[in-house]
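Just so it is clear, none of the values below were taken in a lab; they were calculated from the coordinates. Predicted model only: the values in this text are computed from it and were never measured. Every residue, glycine among them, receives a Cβ derived from its backbone with ideal geometry; neighbour counts consider all protein chains shown.
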Amino acid sequence: MTMWLPLLGLLLGVSLGLLSDIQIPQIYSNYLSIAVLAALDTLFGGIRAHLQQIYDDKVFISGFFFNIALAAGLAFLGVHLGVDLYLAAVFAFGVRLFQNIAVIRRILLTKWSERSKVSDTKVQE
């Protein structure tokens, strides 16, 4: 059940975002984009951990808030230094996001192929 909670939260958040009429000022767009990317990275990391059977609620929750705080902190520091440090966070979280998605895909394909082999064996008997 705990694996579906992050997905439910994502769907709820996207639905509320699409249904609301809230406008984010342009000055905060870098912060918001990094926060969303960090949250997606944590979400897919949690799904990956669940599929690998190493999921821990404390790691997921602490990682979620730490990743968002770190990403926002980098963006804030970059703005004050006049350097686009948010791009480093975008790159790091983007790479991790695609790695997590690739691992999830491999795990699901392996499970699917094992399940089809078992069903083929049962049919032949």
Task: Computed helical MRE - 222 nm, the chain, DSSP H runs ≥ 4 contributing -39500 (n - 2.57), nearest 500 - done: -29500 deg cm²/dmol
Open item on the list: Distances longer than 26 Å among the Cα atoms of the chain: what percent of all pairs is that?
Closed with: 36 percent
Task: Relative packing of 22-34, 107-119, which averages over residues the other C-beta atoms within 10 Å, highest first - done: 22-34, 107-119
